[in-house]
Amino acid sequence: MIRMPATDRSAPAPRFARKAAALMAVLLFWAAPGLRGQDVNPPYPRLGIFTFSGQTYASLDILKDFDIIGITPNNAQARRFKAQNPNVIMLAAAAMFINERLSYNGVNNLPESWFFHDASGNRFETWDNVYRMNISPFCPNADMGDGYGSGQYADYALRWVKSNIDFTAFDGIFHDWWWNQVGWSQARTGDFNNNGIADMDEWGGPDSVNAVWWRSIHAYHEREYAVPGLKYVVVQLGGVPWPDVNGGCYEDFPMYNGPFAYWLSHYTDEITTKRTPALTLMNASHRFYHLYYPVEPYKNNYRSVRYNLAACLLTQAYFHVDEGNELGHHGNVHIYDEFEAKGKLGYPRSAPIQLTGKTLASTPWASGVWVRFFDNGVSIVNATGLPQTITASELATVDPSGGQPYYRFLGGQDPATNNGQQVTDANPVSLWGDIKTTAVTNPEVFGDGAMLFRTRRTLITPIVVDNNVNNQTSPGSDPVQYSGGWVLSSDGDKFYAFYTDRNYASFEPNGFAWCPPGSGENTAAYVPTIGTPGMYEVSEWHGYRGSSETSYPLSAAVPVRVVCSGKDTSFTINQTRNFGQWNKLGVFPFDKGTSGRVTLSNQTSGIVLSDAIRFTYKGPVSGYDTTPPSPPLDVRVVPIQ
């Protein structure tokens with residue numbers, strides 16, 4: 001805390017000084033966001049995502065609360081994100097150490113000599129038709145025929161970055177497929193200088209090959225930071241330490257970063273961060289829990305979210321969770337109640353603290369129960385491999401501010417856990433734990449986590465019911481229930497979807513449904529799962545079908561029926577306007593469960609679009625005034641002369 005020197009408050013400041021101070025305050029308040037600068041140290045929790053989706057119009061709404069957004073290079077989309085939130089940090093997911101990003105952008109004529117080969121001349125494949133590139137100083141020179149003459153791959157890669165990524169829209173680069181070592185096989189058979197002899201045989205072993213690679217990535221990143229406008233570099237995979245970059249990403253946490261005890265000791269902020277500001281991402285994965293403790297659909301595994309977020313809060317990382325590599329490949333995004341806590345914990349008041357007296361499971365990867373205190377609460381993660389209880393007295397013993405009340409927040413997705421109750425010795429935090437034998441030699445630790453606040457809080461993320469399970473219906477609720485002849489499609493724009501170009505694994509690319517006019521035989525029922533009863537604002541989102549808003553005759557009077565908590569309300573909505581936005585339909589009381597619903601029908605004279613309906617919690621019914629005002633008395637209409 002910065003303390004200002006004491007002043008004599010009884011002595012008034014000179015008039016001109018007061019005016020100058022007031023003018024300066026106004027100028028600072030109204031300064032453009034770019035002049036104020038980005039907030040590179042926001043309060044906790046922090047949200048940050050890298051995704052191979054996020055190119056749709058609705059992505060702007062879906063990711064509006066994220067501090068960091070990494071997407072594949074699309075300058076126009078990055079500008080849209082920046083226009084919506086000038087403070088967001090945009091990273092271009094370029095992955096320049098492999099040929100994939102260049103191939104996606106139509107560069108398929110890279111010289112063969114620029115690929116990293118083994119001594120027999122074979123490329124090193126990292127993914128289907130994705131190959132490692134030779135960024136070392138031994139890479140042969142070649143000419144791409146683009147007018148720049150002969151050069152090495154690193155020269156061309158940096159030239160491509162400068163020419164194709166707008167760093168007034170993007171703030172930096174995100175490198176997928178990054179390694180701090182070349183790998184076991186590559187170190188033993190790799191041939192950087194393309195002379196047909198394994199480099200380890202020439203240079204004295206695999207360690208010397210890795211040393212060349214290490215120096216090469218250092219040199220590449222230093223040249224990268226010299227690109228005009230490029231401020232940040234974040235890398236992924238490859239172990240630690242990271243070189244002199246702004247941070248890395250724990251991909252598919254905790255699968256790819258070692259068992260919990262290993263991760264906690266090897267991926268500390270001090271080890272991983274070599275440049276400021278620190279921009280570390282935690283890409284938590286449902287894949288780990290889904291494999292051994294499946295929940296259908298996988299996104300409803302709230303324990304996985306709590307465990308991963310609580311682990312993330314032991315570090316300075318930015319959090320998000322997706323399906324992971326086995327269930328897809330970083331394309332879905334799911335929004336949880338915990339995301340409503342963004343920034344509400346404040347800043348850390350302690351380092352991670354291990355609670356004493358907690359029994360560990362019989363595996364070297366068991367770590368303990370860890371807590372970290374913040375301005376407004378505490379985060380707890382159970383990584384013992386056994387069920388644990390944590391009392392208020394235990395927390396008070398290690399709390400830097402002494403004993404204070406702690407409350408679970410009141411949520412909607414998992415109200416049995418996030419019940420809003422105070423934590424006491426008689427009502428402790430109970431956290432599940434277990435161990436399973438996985439890909440590592442010893443049993444791995446599975447656990448649970450909790451985020452507690454010093455005051456009572458309600459954190460209920462808006463419930464979205466959409467056309468698909470994953471794209472973009474909220475966790476806990478089912479997608480739209482269709483009756484009759486509806487057609488699922490993505491032939492249009494501004495509909496509510498996170499992606500439209502994936503149709504494998506857990507991906508569902510259709511962005512909306514439509515049907516022709518009729519007599520009401522086609523219906524679309526939106527049934528939210530309400531965890532906390534109360535008043536909910538109901539909003540509708542629709543895009544349009546075809547290449548423009550007028551390509552097809554849409555209905556100006558779509559019948560809507562809202563049935564909830566003993567009420568039955570009908571009206572119509574106009575789908576010929578207000579595209580690509582949430583259109584408020586009203587505020588209605590909803591009971592807990594699935595008894596409430598919103599239904600659209602085709603009893604109209606134009607094409608009906610069925611896209612997304614959102615239910616936003618506004619408070620308890622008891623505190624919400626639903627009585628319409630009395631009509632005014634003695635009102636006369638007087639014509640204007």
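A few remarks follow.
- Every residue from segment 325-345 that is open to solvent by less than 10 Å² (accessible area, probe 1.4 Å) and within 22 Å of Asn382 (Cα to Cα): Tyr336, Asp337, Ala341, Leu345
- Pair list, Cβ < 6 Å and 6+ apart or interchain, from segment 42-60 residues that are part of a loop (DSSP other than H, G, I, E, B) to residues that are of a type in the set (Val, Ile, Thr) and open to solvent by less than 10 Å² (accessible area, probe 1.4 Å): Gly54/Ile71
- Matching residues in segment 367-390 - criterion: being open to solvent by 10 Å² or more (accessible area, probe 1.4 Å) and among the small types (Gly, Ala, Ser): Ser367
- Matching helices (runs of 4 or more DSSP H) fully within segment 178-229 where at least 3 residues are closer than 24 Å to Arg101 by Cα: 206-225
- So Trp184, is it within 29 Å of the chain's Cα centre (by Cα) and open to solvent by 30 Å² or more (accessible area, probe 1.4 Å): no
- Of residues in segment 130-150 being under 23 Å from Ala198 (Cα atoms) and free of Cβ contacts under 8 Å to residues at least 40 places away in the same chain, the one least open to solvent (accessible area, probe 1.4 Å): Met133
- Failed condition for Ala95, given (1) within 16 Å of the chain's Cα centre (by Cα); (2) at positive phi: (1)
- The set of residues in segment 49-71 being more than 21 Å from Glu100 (Cβ to Cβ), hydrophobic (A, V, I, L, M, F, W, C) and either open to solvent by less than 20 Å² (accessible area, probe 1.4 Å) or within 9 Å of the chain's Cα centre (by Cα) (or both) consists of Ala58, Ile62, Leu63, Phe66, Ile68.
- The residue that is most open to solvent (accessible area, probe 1.4 Å), among those in segment 427-453 that are of a type in the set (Ser, Thr, Tyr) and farther than 13 Å from Tyr292 by Cβ, is Thr441.
- Conditions (1) touching a residue at least 24 places away in the same chain (Cβ under 8 Å); (2) open to solvent by 50 Å² or more (accessible area, probe 1.4 Å); (3) not in a helix (DSSP H, G or I): number failed by Arg303: (3)
- Here Tyr624 fulfils each of the conditions (1) within 29 Å of Gly518 (Cβ to Cβ); (2) touching a Lys or Arg at 6+ places or on another chain (Cβ under 8 Å) apart from (1).
- For segment 151-169, a residue qualifies if it is open to solvent by 80 Å² or more (accessible area, probe 1.4 Å), outside any loop (DSSP other than H, G, I, E, B) and among the hydroxyl-bearing types (Ser, Thr, Tyr), and exactly one does: Ser163.
- Those strands (runs of 3 or more DSSP E) of segment 526-623 in which at least 1 residues are open to solvent by 10 Å² or more (accessible area, probe 1.4 Å) and touching a Leu at 6+ places or on another chain (Cβ under 9 Å), considering only elements entirely within it, cover 534-541, 558-564, 567-573.
The values are calculated or read from the model by the stated rules, or taken from the named source; none is laboratory data. Computed from a predicted structure; not experimentally measured. Virtual Cβ from ideal backbone geometry, glycine too; neighbours counted across all protein chains shown. When the accessible area is computed, the model is the full protein with side chains, heavy atoms only, and any ligands, DNA or RNA have been set aside. Shrake-Rupley method; radii C 1.70, N 1.55, O 1.52, S 1.80 Å.
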